[in-house]
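Take a look at the structure below.
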Amino acid sequence: MRQPQQDFIEITIMFFLINLMEILFTHKTMKQLNIKQILMIAALIILSGCNQEVNEDYMIKKENFGEQDGKEVFLISLVNNEGNVVKLTNYGATVVWLEVPDKNGEKDNITFGYETLEAYLNGDPYFGSVVGRYANRIADGKFTLDGKEYNLAINNPPNTLHGGPGGWHSRVWDTEIIENNDEVPIIRFSYLSPDMEEGYPGEVRAEVQYSWTDDNELIIEYKCTSDKKTVLNITNHAYFNLKGAGNGDILGHELMIAASKFTPVDENLIPTGELKPVEGTPFDFTSPHIIGERIDDDYDQLKLGRGYDHNFVLDNKTEPDAMVYEPESGRLIEMTTDQPGVQFYCGNFLDGLEKGHGGMVYAYRGGLCLETQHYPDSPNQPDFPSTVLEPGKPFESRTVYKFSVK
Ligand code: GLA
């Protein structure tokens, strides 16, 4: 990231260097230097120190990605000091591209995305997008708050899914790029969701901040406030395939989730209300297991979910909360969150028809999601942690996906 003050520092250093050369060429000893020359040498030493602290190679590029709802849509590229790239768009506050090396240093994009805004508008709505106001399902698209029933848009009959058809994944968010010297830049997307949007009460101001660090951490911070009592559950729906997006399925990936319980579902993928221990079931990922190892077991929850598509009740005791490792590439994700749950979804509804970056086909079970969240259908489940958002009490949350190799 080039800063104007960096140019100034470099020009100043050049000036001092020229003077220093003059001193050296005239073979002056320390005693013969005048006060001006001594000060110059001291300033040179200090300035070269300052210059090293500036992020030399970090780059941000903001390009036009089209227009939607009368607003400009951007494609923002972040290149960290390691040369690894994350691309974001304010359409849906979406992660478009995430490029990290494998164990041999070969870089590849490991998340699902499209090359054009048009493809986003016509394609799968949840590739890398932020989902809200309510991530995952609310039974029959209804809930009651303070004695009043609210009816939501039904887009996954008989339920509402991911905030409804016009959820936050489909909105154009406002974009701010926040650059502070020596700190990793922040991309802040904000959206003002009107009262009764998709049937939800309250005007909600949502903010999602992304940062992409030199340690290959994608940090996502959420902040939401409402002017009326409402319900809220916000997450990011990125699909990962550590072999590279479009390179087959994720059944050979190894997964750990630090969750001793999960929330079993009914035939409509609505939690039954039980918090079921994972021990002795194919849902026990407390130690690492290959995803494909037990996916076809004769186990009712795997049948109901068509595979894994469940909320895991995080123990929230150790870090990371989840880990994904792919042996061929050596790529690793360590995921840490402050949320009480994570939806582990392994792409059971992907039909192999979607083509993303470079025409790559995103196969059935070709990507996995770790959607950090509150539990699905919490507004109708009094024993689940509350998802009620009260005016004056902002919701704040943070999830980190750290990428490395082993
Ligand atoms: C979530 C759900 C899945 C599916 C996907 C989107 O992860 O749990 O059932 O709806 O979103 O396709």
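The values are calculated or read from the model by the stated rules, or taken from the named source; none is laboratory data. Bear in mind that the values here come from a model prediction, so they are computed numbers and not experimental data. As a convention, Cβ positions derive from the backbone with ideal geometry for all residues, glycine included, and neighbour counts pool all protein chains shown.
Brief remarks follow.
- Those residues of region 314-326 which are more than 24 Å from Asn241 (Cβ to Cβ) and within 15 Å of the ligand (Cβ to nearest atom), in sequence order: none
- Inter-residue pairs, beta-carbon under 6 Å, first closer than 25 Å to Asp124 by Cα and free of Cβ contacts under 8 Å to residues at least 24 places away in the same chain and in region 325-353, second within 13 Å of the ligand (Cβ to nearest atom) and hydrophobic (A, V, I, L, M, F, W, C), 6+ apart: none
- Filter result for Val172 (more than 20 Å from Glu67 (Cβ to Cβ) and either more than 16 Å from the ligand (Cβ to nearest atom) or surrounded by fewer than 20 Cβ atoms within 10 Å (Cβ to Cβ) (or both)): no
One line per residue, one yes/no per condition, for (1) away from the ligand (no atom under 16 Å from the Cβ); (2) within 29 Å of Phe143 (Cβ to Cβ):
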{"position": "Gly280", "(1), (2)": "yes, no"}
{"position": "Leu332", "(1), (2)": "yes, no"}
{"position": "Val342", "(1), (2)": "no, yes"}
{"position": "Gly356", "(1), (2)": "no, no"}
{"position": "Gly366", "(1), (2)": "no, no"}
{"position": "Gln373", "(1), (2)": "no, yes"}
{"position": "Asp377", "(1), (2)": "no, yes"}
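For every residue, the table says whether it meets (1) at pLDDT 95 or above; (2) assigned to a strand (DSSP E or B); (3) aromatic (Phe, Trp, Tyr); (4) under 25 Å from Glu176 (Cβ atoms).
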{"position": "Ala43", "(1), (2), (3), (4)": "no, no, no, no"}
{"position": "Cys50", "(1), (2), (3), (4)": "no, no, no, no"}
{"position": "Leu98", "(1), (2), (3), (4)": "yes, yes, no, yes"}
{"position": "Asp108", "(1), (2), (3), (4)": "yes, yes, no, no"}
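- Some residue of region 222-234 being closer than 22 Å to Thr318 by Cβ and not hydroxyl-bearing (Ser, Thr, Tyr): no
- Flag for Asp108 being crowded, with 16+ Cβ neighbours inside 10 Å, of a type in the set (Asp, Glu) and within 16 Å of the ligand (Cβ to nearest atom): no
- Under the condition of being surrounded by fewer than 18 Cβ atoms within 10 Å (Cβ to Cβ) and either more than 15 Å from the ligand (Cβ to nearest atom) or under 20 Å from the mean Cα position of the chain (by Cα) (or both), the residues counted in region 290-313 number 9.
- Residue count, region 120-138 (criterion: without any contact (Cβ under 8 Å) to a residue 60 or more places away in the chain and either away from the ligand (no atom under 16 Å from the Cβ) or of a type in the set (Phe, Trp, Tyr) (or both)): 2
- Residue that is surrounded by 18 or more Cβ atoms within 10 Å (Cβ to Cβ), within 16 Å of the ligand (Cβ to nearest atom), of a type in the set (A, V, I, L, M, F, W, C) and over 30 Å from Glu390 (Cβ atoms), where the choices are Leu269, Leu255, Leu242: Leu255
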